[in-house]
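Notes to accompany the following structure.
Quick note: the coordinates plus some simple rules give every number you see, no bench work behind them. As the structure is a computational prediction, the values presented were derived from the model and not from experiment. Backbone-built Cβ (ideal geometry, glycine too); neighbour counts: all protein chains shown.
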Amino acid sequence: MDSPRICVQVKSSSSAVNVGVVRELQGVLGRLNADQGLLVAWGGLNQAAEREIRQQFFQVRVWAADDVLRELTAVYGKLPGEIQAELPLKQIWTLAEEEELP
């Protein structure tokens, strides 16, 4: 495979991921000679893991639940029908509170 090579690690627990998980992904990146890593941490990161991620800004990124949902809804209409059938979403509209002008 040509660059960039990306490793993805997914943690679906609702609890925050600890620094050990981040370091584990960093080790896998090195062993596989990957260029970048994506950690999908549904429950987010604890403080130590956040500090570690900040030091790895150009190599590792993190998506929490909100990031996954935002990215999914941004491309959902472009996904093949088979994938949409596996993950059926329906757009709904709701009234939003009017923002106050300064």
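What to note about this one:
- Helix 19-32 axis, angle to the chain major axis (alpha carbon atoms, nearest 10°): 70
- Listed residues Ala64, Ala34, Ala85, most fluctuating in the chain (Gaussian network, C-alpha, under 10 Å): Ala85
- In a reduced charge model with +1 at each Lys and Arg Cβ and -1 at each Asp and Glu Cβ, the range 16-56 shows a dipole moment near 60 debye about its Cα centre.
- On Cα atoms only, tilt of 65-75 relative to the major axis of the chain in degrees: 60
- Simple point charges give the picture: +1 on the Cβ of Lys and Arg, -1 on the Cβ of Asp and Glu, and for the chain a dipole about the Cα centre of about 580 debye.
- The chain: radius of gyration over Cα atoms, expressed as a fraction of 2.2 N^0.38 Å: 1.35
- Qualifying trypsin sites (Lys or Arg not before Pro) for the range 1-87 [loop in DSSP, other Cβ within 10 Å: at most 15]: Arg5
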